[in-house]
Amino acid sequence: MTIAVPTMGESVAEGSIGTWHRKSGDAVKKDDLLVEIETDKVAVEIVAPADGVLEIVEAEGATVTPGQAIGRISGSGAAAAPAPAAAAAPVPAKAAAGDIPLSPSVQRIVAENNLDPKAIQGSGKDGRILKGDALEAAAAPAPAAPAAATPAAAPVAASAPRETGPRENRVKMTRLRQTIARRLKESQNSAAQLTTFNEVDMTNVMALRSQYKEVFEKRHGVKLGFMSFFTRAVVAALQEIPAVNAEIDGTDIIYKNHYDIGVAVGTEKGLVVPVLRDADTLSLAGIEKGIAALGKAARDGDLTLDQLQGGTFTITNGGTYGSLMSTPILNAPQSGILGMHNIVQRPMAVNGQVVIRPMMYLALSYDHRIVDGKEAVTFLVRIKELLEDPARALLDL
């Protein structure tokens, strides 16, 4: 029985083999976890389709496409024996990179940058051009014009990975980590990013949460956290300042009248941003339940592509790890991201008196191409007002 790569979503044309949890020749049971396929967005678990003995066809790190066989299950109780050696036959020449079909993502990069596929050195199986190969070719400087004749010089070899020291360990980046790195850099390069700061007195929110947290949990079966208050405040501010909920598409601006809030979640494999849909229609309990479910799915590796796409604005909480202040990077193509931080008891001047208050710094990073400074500051001040006086949200003030 063949173990094949499943379809991983319309926008996912390839993936790479992660760690095999079993070895060739191991006896496996149906539904045993065998391996994960790492894609640009999610990791897809592959389980044994039946009882039998595993034969691995594609090794760890190999690039694979939907439908490709990566292993087999033999029901005979022994791994499939290698086929007897045939009479020596001519070995077919390795296909040139230009003869191998390009994946949709590679085709797009080649077309957008006017690249010649035959000039790109493919690093995939049989010389297949991977997305990273195309991006590297697109970023390479154009060849210089021929210079006047000069004394012959030795050819310059391509830069090789540096040697690791005795107390260093080289580990290949996972596909997810490569995607995170690429997307963050693309976001930095494509948007006019700017960050504005403010601070919020969390006294009233903390008092409200302390007063009702027990009855809230008994009633709704979920704890009352800070994220529901922040999400509610963000939605209200987005409705007032629609540019922060919009995106640029070429020379157009797309204003969105839906509020799908991305919530950054740190996992063992890296940062992912699942999306809480229609946050404007949810109660505080609905927001808490939705965020809790997305966080669990992220940590368990059960997020689907649909849960990771289509957000209109993002909230990230560095305070979970003790961050006092940061400048979050935009989650392209979104135009805004709110950074929450650690709550710290600080002396504050209130009505001419010095009092100790639980304070949090807020950071709004925004795309200055679409969001003006006045709008960004107004947006952040609006969030501050709604958090310092939670009754405003209930009274729609």
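What relative contact order, as a whole-number percentage, does segment 266-317 give when Cα pairs under 8 Å and 6 or more residues apart are counted?
Numbers: 31 pairs, mean separation 26.3, N = 52.
The value is 51 percent.
By how many nm would the segment from Glu385 to Gln345 lengthen if fully extended, with 0.36 nm per residue of separation less the alpha-carbon distance? Present the calculation step by step, with values, prior to reporting the outcome.
Details: separation 40, 0.36 × 40 = 14.40 nm, distance 1.92 nm.
Full extension from Glu385 to Gln345 adds 12.5 nm.
To the nearest 0.05, what FRET efficiency results for Met1 and Leu184 with a Förster distance of 51 Å applied to their C-beta separation?
0.80
Could you list Val273, Val355 so that the one with the fewest beta carbons within 10 Å of its beta carbon is first and the one with the most is last? The partial results should precede the final answer.
Numbers: Val273 22, Val355 12.
By the 10 Å Cβ count, ascending, the order reads Val355, Val273.
With r defined as the distance between the Cβ atoms of His368 and Ala59 and R0 fixed at 41 Å, what FRET efficiency is calculated, to the nearest 0.05? Walk me through the numbers on the way to the answer.
On the way: r = 47 Å, r/R0 = 1.14.
With a Förster radius of 41 Å, E is 0.30.
At 7 Å along Cα-to-Cβ for each site, give me the label-to-label distance between Thr327 and Glu136 in nm.
3.1 nm
Could you work out the equivalent-ellipsoid semi-axes for segment 2-74, taking the square root of 5 times each eigenvalue of the Cα gyration tensor, largest first, in whole Å? Mind dumping the intermediate values first?
Numbers: eigenvalues 85, 25, 21 Å².
Equivalent ellipsoid semi-axes, largest first: 21, 11, 10 Å.
If we count every other residue with Cβ under 13 angstrom of Leu194's Cβ, Lys/Arg +1 and Asp/Glu -1, where does the sum land? Write out the running numbers ahead of the final one.
Numbers: positive: Arg369, Lys374; negative: Asp367, Asp372, Glu375.
Around Leu194, the surrounding residues sum to -1.
Find how much the distance from Gln211 to Met173 grows on full extension, using 0.36 nm per residue of separation minus their present alpha carbon separation; answer in nm with one decimal. Write down the numbers at each step before the final one.
Details: separation 38, 0.36 × 38 = 13.68 nm, distance 4.63 nm.
Separation in residues times 0.36 nm, less the Cα-Cα distance, equals 9.1 nm.
Taken together, the values in this text are just the output of simple stated rules run on the coordinates, not laboratory data. Being a predicted model, the structure only gives us computed values, none of them experimental. As a convention, Cβ positions derive from the backbone with ideal geometry for all residues, glycine included, and neighbour counts pool all protein chains shown.
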